[in-house]
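Asks: Can you keep this structure in mind? I'll have questions shortly.
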Amino acid sequence: MKNLRVSLVQGATRWHDPAANRHYYGELIAPLHGRTDLIVLPETFTSGFSNDAIGNAETMDGPTVAWIRAQAKAAKAAVTGSVQVRTPQGVFNRLLFAKPDGELLHYDKRHLFRYAGEHERYAAGRERIVVEWRGWRICPQVCYDLRFPAFCRNRFDVERKGGLDYDLLLFVANWPGVRAYPWKTLLRARAIENLCYVVGVNRVGSDGNGLDYAGDSAVIDFLGQPASECGNAEVVVTATALAEELLAHRKRFPAMLDADAFTLS
């Protein structure tokens, strides 16, 4: 397990224009080629957060899946973000995690945002996943999942490599500025309680529903301190998650040994 370079791509997603967004985010990613390990895009980065975008949902054979694979290969880094994906079981808000060797994993957003009616049109995922990448175990989740600590919980098993489920908890989001304080607070809470790094990437600008986004993307360390924080403008920043410091903190403050055992269903 070595240090992990994480690049936050905080962009102003174009409304309902997948081709324009692929071009836009491709240009933001290009300077990172060979200079980072993990590139994180916002939630629904090809459309913005919209129930109406469901009509243009792509399949796993569509252009966006091909695009994110190509971006990972060119950057020699993992690339992740969520898009609407149509399957026989329904349309999911699906986080894609592409590796440069062509491997593609995905996580379907479990907690659908009832306040905006997401649960009425999209299908809910069931399984939490953990991705192995460059010696780190990464648990990717989507936006509203941040508010549900039981689902996010970093469980401990003495027989598991490293004991804990994951080392880095990752959220991609379209989190409106009116709720910026909860976003910033919950990112820190998840890091502290789970003895891990937390990465949160939000968008900026305004969307077609008239909602404004404050960004506030961040890399938060295991003590709840920011390794990197973004403001409310378009920006790409890279921060380093420190492996030795994380492992030393867990050894020094092994709260996981006193945690409650449970399973997720």
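The values are calculated or read from the model by the stated rules, or taken from the named source; none is laboratory data. Everything quoted here is computed from the prediction, not taken from an experiment. Quick reminder, even Gly has a Cβ in these numbers, built from the backbone with ideal geometry, and neighbours come from all protein chains shown.
Asks: Which ones in segment 86-122 are among the aliphatic types (A, V, I, L, M) and assigned to a strand (DSSP E or B)?
Replies: Selection gives V91, L95, L96, A98, L104, L105.
Asks: For E245, only one of the following conditions fails: (1) closer than 18 Å to V6 by Cβ; (2) under 22 Å from the mean Cα position of the chain (by Cα); (3) assigned to a helix (DSSP H, G or I); (4) not β-branched (V, I, T). What is its number?
Replies: All conditions pass for E245, except number (2).
Asks: I would also like to ask the following. T238 is checked against (1) over 17 Å from the mean Cα position of the chain (by Cα); (2) in a strand (DSSP E or B) and fails just one. What number does that condition carry?
Replies: The number of the failed condition is (1).
Asks: Additional query: Of the conditions (1) within 24 Å of T13 (Cα to Cα); (2) surrounded by fewer than 19 Cβ atoms within 10 Å (Cβ to Cβ), F148 clears all except one; give me its number.
Replies: If we test F148 against (1) within 24 Å of T13 (Cα to Cα); (2) surrounded by fewer than 19 Cβ atoms within 10 Å (Cβ to Cβ), just (1) comes out false.
Asks: Among the small types (G, A, S), on the phi < 0 side of the Ramachandran plot and surrounded by fewer than 18 Cβ atoms within 10 Å (Cβ to Cβ): is that true of A53 in this structure?
Replies: No, not satisfied.
Asks: Taking segment 158-188 on its own, how many of its residues are hydroxyl-bearing (S, T, Y) and surrounded by 13 or more Cβ atoms within 10 Å (Cβ to Cβ)?
Replies: Residues in segment 158-188 being hydroxyl-bearing (S, T, Y) and surrounded by 13 or more Cβ atoms within 10 Å (Cβ to Cβ): 1 in total.
Asks: Right, A72: within 15 Å of the chain's Cα centre (by Cα), buried (at least 22 other Cβ atoms within 10 Å of the Cβ) and not hydroxyl-bearing (S, T, Y) or not?
Replies: Spelling it out, it is not the case that A72 is within 15 Å of the chain's Cα centre (by Cα), buried (at least 22 other Cβ atoms within 10 Å of the Cβ) and not hydroxyl-bearing (S, T, Y).
Asks: Could you check, for segment 51-73, whether at least one of its residues is closer than 19 Å to Y144 by Cα, out of contact with any strand residue (DSSP E or B) (no Cβ under 7 Å at 6 or more places or on another chain) and either aliphatic (A, V, I, L, M) or modelled with pLDDT under 95 (or both)?
Replies: Checked segment 51-73: at least one residue is closer than 19 Å to Y144 by Cα, out of contact with any strand residue (DSSP E or B) (no Cβ under 7 Å at 6 or more places or on another chain) and either aliphatic (A, V, I, L, M) or modelled with pLDDT under 95 (or both).
Asks: Here is a further query. If you check every pair at least six apart or on different chains, which have Cβ atoms under 6 Å apart with a residue in segment 49-76 that is assigned to a loop (DSSP other than H, G, I, E, B) first and a residue that is surrounded by 14 or more Cβ atoms within 10 Å (Cβ to Cβ) second?
Replies: Close Cβ pairs (under 6 Å, with a partner that is surrounded by 14 or more Cβ atoms within 10 Å (Cβ to Cβ)) amount to F49/N174; N51/R121; A57/Q84; A57/R86; A57/V91; T59/R86; K76/P100.
Asks: Same structure, new question: State yes or no: is R126 more than 21 Å from L32 (Cα to Cα), assigned to a loop (DSSP other than H, G, I, E, B) and touching a residue at least 40 places away in the same chain (Cβ under 8 Å)?
Replies: So R126 fails the test.
Asks: With (1) modelled with pLDDT of 95 or more; (2) surrounded by 12 or more Cβ atoms within 10 Å (Cβ to Cβ); (3) aliphatic (A, V, I, L, M) as the list, and A259 as the residue in question, which single condition is left unmet?
Replies: Only one criterion is unmet by A259, namely (1).
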